[in-house]
Amino acid sequence: MTDVIRPALAPEEWKQRRSGPISLDVVGSLDYVVIEGPNGESVTVNGADEIFALISLANDALPEHDRRKISHGWLARVEAIRDMIRDMADNGDPKLAPYRRELAEGWDQMAQVLAAILPPGDGRDYQLDD
């Protein structure tokens, strides 16, 4: 049995919306991710597209064999489950088909989010400049 992956934030960190140098702040109705640098400087990231890009880059920064890293293997498994559920909707009990299609749509949304987080191809298609 594998080790359980612990939550990214402890309950108290969730209450404070802060973990170490990373916090979530709200100005008006906008959420901002605030990252404090070692010399007291702050950088903020806001807007859905920028925050989603931060998620993608943060995932990419995880070590290759970290079990928390979202990978192309994760995506393939989610797509396989989606496809199995779609097949059950198409070829199984017709009374269950609408529920299975709805379930498959949820798995498809998860696959789309994972695909959007990951680098293109299998992840080996890009190179960092030296």
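The values are calculated or read from the model by the stated rules, or taken from the named source; none is laboratory data. Predicted model only: the values in this text are computed from it and were never measured. Note that each Cβ is placed from the backbone with ideal geometry, even for glycine, and that neighbours are counted across all protein chains shown. Calculation scope for accessible area: heavy atoms of the full protein, side chains included, ligands and nucleic acids excluded. Shrake-Rupley method; radii C 1.70, N 1.55, O 1.52, S 1.80 Å.
Could you work out the Rg to Rh ratio of the chain, with Rh taken as the Kirkwood radius (inverse of the mean 1/r over all Cα pairs)?
1.07
Please state the relative contact order of region 28-130 as a whole percent: Cα pairs under 8 Å, 6+ residues apart?
22
Counting only protein heavy atoms and using a 1.4 Å probe, what share of the accessible area of region 20-130 belongs to carbon plus sulfur, as a whole percent?
Carbon and sulfur: 57 percent of the exposed surface of region 20-130.
Probe of 1.4 angstrom, ligands and nucleic acids ignored: what's the accessible area per residue over the chain, in square angstrom?
Averaged over the residues of the chain, the accessible area is 77 Å².
Treat each spin label as a single point 7 Å out from the Cα along the C-beta direction, and report the Val27 to His65 distance in nm.
4.3
Report, in deg cm²/dmol and to the nearest 500, the calculated mean residue ellipticity at 222 nm for the chain, where each DSSP H run with n ≥ 4 adds -39500 (n - 2.57) and the sum is divided by the residue count.
Mean residue ellipticity at 222 nm (helix-derived): -15500 deg cm²/dmol.
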